[in-house]
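The values are calculated or read from the model by the stated rules, or taken from the named source; none is laboratory data. Being a predicted model, the structure only gives us computed values, none of them experimental. Cβ placement follows ideal geometry from the backbone for every residue including glycine, while neighbour counts extend to all protein chains displayed. In case anyone asks, the SASA skips ligands and DNA or RNA and just uses the protein heavy atoms, side chains included. Shrake-Rupley method; radii C 1.70, N 1.55, O 1.52, S 1.80 Å.
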Amino acid sequence: GAKPDPRFFLDATVISHHMFVCGDLNYRTRLGDRTLKKKSKSRKVLTLKASDPDDGPDTNGSHFEQAKALVEAEDWKTLNDGDELKMALKDKHCMCEFNTLPCYFPPTFKVARCEGYQYNEKRTPSYTDRILWKSNDGMTENVRPFLYEPCPDFITSDHKPIRGGFTVKLNKSLKSPKTKSSSSTRELNLLISDIKCKNLPVMDAEVMGGKADPYILFMSDPKPILYDGAWPSSKVIRRDLNPVWKHATHLKLDSTASRNSDGKVDLAGTMLHITVMDEDLSSGDDVIGTVSLSLADLFVLKRKDDPQKTTICKPLFRNGLEQGTLECTILSAYLKPKEEKAFLKLTSRKVKTMRSRGGTVMDKMFGWAM
């Protein structure tokens, strides 16, 4: 996947606050045995005799006529039910957690280079041209679509382009946990325990056991919140696709990076990326998948001295696909230094935090990675 920062090796579908995908995605209409449901409306649809040699022999036949009849009847629901992209998203075969709007308009492919919709009879009319979007944890309400339509007068392609309009709330307009000026002596702490994964993908060759050697990196965005020359990490569990970590991890957020210029805690738009890695002794370690969490949501505390408990059970994602699940319990609190010891006793697990550069053979040779 796209990686906007080579030092921050998670793909763009994971670290982006909002991500938009648009273009000719080439998903077609597969109608099967669907029948025409609406006959009350009428739209004149012309048929273009194919002259493109790439169109091949006439094998489309009744499928084209069926789709054409649905377009003429403006039966958008039936056409959308046969949309391959809709099916792929529902079955999580691609772009998991991405959204797209239904197409309540004529299919945009394959048409003549003229105004309106004159379809090529060698291709089933399809919604190949699309706009999708995805928002990170805690930000799904910050994007609102208000326009989604084709451009029927566009004549320089055998596709009709799609245009969309969206309102997006900026980070500066988002609410962050309110703190009093006296809270400047308190620091933000996380205690993560009961960590386990299920159904991780096989990462190693059969000769190496055909499983994975998972460990966890606790990553943040912005980076300085947790990064101090290396990311906090867990121990490695060998050859296990359903690992359970028996220790808890204590994370202390950097007091400067988590505050604004007025010295107040400001977590709007900040993220915790719990990333499961696969250790590879012969090369760089590989990302298995990531669960992204809004730090602002983790610190919505009724009282600063009363820890907030959050139970997580979410899919791990990499390059827009699910890669198993991660479960854990997270305690969050604003603490004075003298309160940390009591906070760490809230879990029955042994608390351990280590650092890992997580990657290269040279790192492992010098003991920088577990």
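Annotations for the structure displayed:
- For residue 211, the criteria (1) open to solvent by 60 Å² or more (accessible area, probe 1.4 Å); (2) more than 19 Å from the chain's Cα centre (by Cα); (3) modelled with pLDDT of 95 or more hold in every case but one, which is (3).
- Of all residues in region 82-112, exactly one satisfies the criterion of being basic (Lys, Arg), touching a Ser or Thr at 6+ places or on another chain (Cβ under 9 Å) and surrounded by fewer than 19 Cβ atoms within 10 Å (Cβ to Cβ), namely 86.
- With respect to the conditions (1) farther than 30 Å from residue 171 by Cα; (2) modelled with pLDDT under 90; (3) open to solvent by less than 60 Å² (accessible area, probe 1.4 Å); (4) not hydroxyl-bearing (Ser, Thr, Tyr), residue 278 lacks only one, and its number is (2).
- Subset of region 111-143 [of a type outside the set (Lys, Arg) and free of Cβ contacts under 8 Å to residues at least 60 places away in the same chain]: 114, 115, 140, 141
- All conditions in (1) among the charged types (D, E, K, R); (2) modelled with pLDDT under 90; (3) closer than 30 Å to residue 99 by Cβ hold for residue 302, with the sole exception of (3).
- Of all residues in region 247-256, at least one satisfies being free of Cβ contacts under 8 Å to residues at least 60 places away in the same chain and buried (at least 16 other Cβ atoms within 10 Å of the Cβ).
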